[in-house]
Amino acid sequence: MTVTDLPAINACLNAAATVFIVAGLVFIKSGKTKAHIISMIGALTVSAVFLACYLYYHYHAGHVAFAGTGWIRPVYLTMLATHIVLAVINLPMLILTVVPAVRSKFDKHKRWARWTMPIWLYVSVTGVLVYLCCYVWWGPPVR
């Protein structure tokens with residue numbers, strides 16, 4: 001495995017986080033607390049691994065520019081901008097959501113989760129879309 005394999009791995013990690021987040025939501029809505037906890041631990045784990053791989057990749061690969069032109073460029077850049085801003089916001093929100101759950105303060109956990117879950121889901125899904133746009137559909141990226 002080389003550093004050039006990491007974008008595809010990162011996309012898979014984001015896709016896995018999406019599945020875990022949706023499963024966790026379904027589980028908690030159907031009262032399956034233990035399954036919810038397991039799913040959310042899975043989502044947190046793959047998201048943490050993603051972040052480490054993402055930082056490692058960009059440390060070694062540097063800036064990667066989108067190669068698409070025409071109508072897709074502003075669409076992509078808008079998606080990327082919202083993805084980045086919400087990803088940065090989401091990290092402290094995740095902490096503010098998880099800590100009360102660990103402390104059995106479920107009212108506070110639920111209040112934060114109502115905001116954190118949709119943002120986390122958006123960031124995970126758009127992470128996969130960013131990969132597809134940059135490396136598959138309009139790639140390869142410009143270095």
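The values are calculated or read from the model by the stated rules, or taken from the named source; none is laboratory data. Nothing here was measured: the structure is a model prediction, and the numbers come from that model. Glycine gets a Cβ as well: all are built from the backbone with ideal geometry, and neighbour counts include every protein chain shown. To get the accessible areas, we keep the full protein, side chains included, count just its heavy atoms, and leave off ligands, DNA and RNA. Shrake-Rupley method; radii C 1.70, N 1.55, O 1.52, S 1.80 Å.
In whole percents, the pair-distance distribution calculated for region 71-143 from its alpha-carbon pairs, binned every 5 Å from zero, is 3, 16, 21, 17, 13, 10, 8, 6, 4, 1.
Per residue, the solvent-accessible area of region 1-135 (1.4 Å probe, heavy atoms of protein chains only, all protein chains present) comes to 60 Å². Within region 60-143, the chymotrypsin sites (Phe, Trp or Tyr not before Pro) that combine a DSSP coil assignment with at most 16 other C-beta atoms in a 10 angstrom radius are TRP71. Ordered by solvent-accessible area of protein heavy atoms (1.4 Å probe), largest first, the residues CYS134, CYS12 come out as CYS12, CYS134. Expressed as a whole percent, the accessible surface of region 56-125 that belongs to carbon and sulfur atoms is 71, based on a 1.4 Å probe. For region 1-109, trypsin sites (Lys or Arg not before Pro) are listed when DSSP marks them as loop and at most 11 other Cβ atoms sit within 10 Å of their Cβ; the list is ARG103. Note on the chain: Cα-only Rg and Dmax are 16.3, 51 Å. Sorting 82-93, 54-65 by average packing, meaning the other beta carbons within 10 Å per residue, from highest down gives 82-93, 54-65.
If you wrap the Cα atoms of region 10-62 in a convex hull and average its projected area over all directions, you get 3.2 nm². Only one residue of LEU91, CYS53, VAL102 has its Cα farthest out toward the positive end of the dipole of the chain, where Lys and Arg carry +1 and Asp and Glu -1 on Cβ, and that residue is VAL102. When only the Cβ of Lys, Arg, Asp and Glu is charged (+1, +1, -1, -1), the dipole of the chain relative to its Cα centre reaches about 640 debye. The share of alpha-carbon pairs in region 75-114 lying farther apart than 14 Å comes to 53%.
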